[in-house]
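Right, one structure below, let's go through it.
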Amino acid sequence: MDYKSGLIQDGNPMENLEKQLICPICLEMFTKPVVILPCQHNLCRKCANDIFQAANPYWTNRGGSMSMSGGRFRCPSCRHEVVMDRHGVYGLQRNLLVENIIDIYKQECSSRPLQKGSHPMCKEHEDEKINIYCLTCEVPTCSMCKVFGAHKACEVAPLQNVFQGQKTELSNCISMLVAGNDRVQTIITQLEDSCRVTKENSHQVKEMLSQKFDVLYAILDEKKSELLQRITQEQEEKLSFIEALIQQYQEQLDKSTKLVETAIQSLDEPGGATFLLSAKQLIKSIVEASKGCQLGKTEPGFENMDYFTLDLEHIADTLRAIDFGTDEEEEDLIEEDQEEEESTEGKEEGHQ
């Protein structure tokens, strides 16, 4: 509907029709047009094949042996990518409808007379058509300008020859640019894949690193719990010993206190006979209690816990030196440590 309305609004529908029949690559009317599925754009089969060959340089020609299953083709009009089969561009469907329209258009154009004003005229010589090309000034002009005008001393050539040459050159440039765009798109795709793989690999390495440090944390926690348990055990043993001594001395103190009270009460006895009946045994008990005052005691520094001391400086230095390295570097470090240990042992044996 838009296409028809455009033809009606424009005063020259044949020119609009011609624009619809121009290949976007060679800028000529379609030759054996093929349909790029599923975007439905058309290209000359030769132009499409040139683009396909440029984007897939390792794909064999149609006449050679098919060493690959196919290739990728990116539409130059909409950039939609199509995966080709083993026939390449020759596997695309021919657009017979467009070919028939082109044939009808050419027949119509050949039967119609050339309208006045359809050919550009020279500005200096209004009655002269522009029919030559000035190679020196690189502008189209007319024969009168060459004979009498500004391009008298210039080198000229037939307009049609220059037209065909520049049109072919422009078509080749377009094909080259489209192929270059495909290569750039391929590079972008590869770089995007590299970004994705880099992120995935970084995530995996981070997970592995976290797991290894979790193992170290677990070992440290286990060793910490073990050493704390040993300190706690030593503490409980010492406290039990001290508390037992306290209990013994407390019992002795209670016994002595009662004995003192009994002795004081005996001193208050007024009767000599009654006092003598208990005094001798009481004196004996007090003497025995005095001899047994020293039940036991702790050694000097018994409460000291300084022998539970760790020298972790070398381990801390080792942890600070943790870094990423190859297996070969780790093996070299292990070998160096072994050599140092053997050298140290040999020196000690020599001194002995």
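A 1.4 Å probe run over the protein chains yields, for segment 167-234, 81 Å² of accessible area per residue, whole-number rounding.
Projected over every direction and averaged, the convex hull enclosing the alpha-carbon atoms of segment 221-318 yields 8.9 nm².
Annotation for segment 202-246: GluC sites (Glu not before Pro) lying in DSSP loop with at most 13 further Cβ atoms inside 10 Å of their Cβ do not exist. Against the empirical curve 2.2 N^0.38 Å, the C-alpha radius of gyration of segment 127-234 lands at a ratio of 2.99.
In whole percent, and with a 1.4 Å probe on the protein chains, what portion of the accessible area of segment 196-272 is carbon and sulfur? That fraction is 58 percent. Subtracting the Cα-Cα distance of Glu108 and His80 from 0.36 nm times their residue separation leaves 6.6 nm of extension gain.
Do the alpha carbons of any pairs in Lys224/Lys297; Lys238/Lys291; Lys129/Lys167; Lys32/Lys167 sit beyond 23 Å of each other, and which pairs? Cα-Cα > 23 Å for Lys224/Lys297; Lys238/Lys291; rest within. Ile188 sits with roughly 70 Å² accessible to a 1.4 Å probe, with DNA, RNA and ligands left out of the calculation.
Placing a pseudo-label 7 Å from each Cα along the Cα-to-Cβ vector at Val260 and Glu222 gives an inter-label distance of 5.8 nm.
The values are calculated or read from the model by the stated rules, or taken from the named source; none is laboratory data. This is a predicted model, so every value here is computed, not measured. Methodologically, a virtual Cβ is constructed for each residue, glycine included, from the backbone with ideal geometry; neighbour enumeration extends over all protein chains shown. SASA here: full protein model, heavy atoms, side chains in, ligands and nucleic acids out. Shrake-Rupley method; radii C 1.70, N 1.55, O 1.52, S 1.80 Å.
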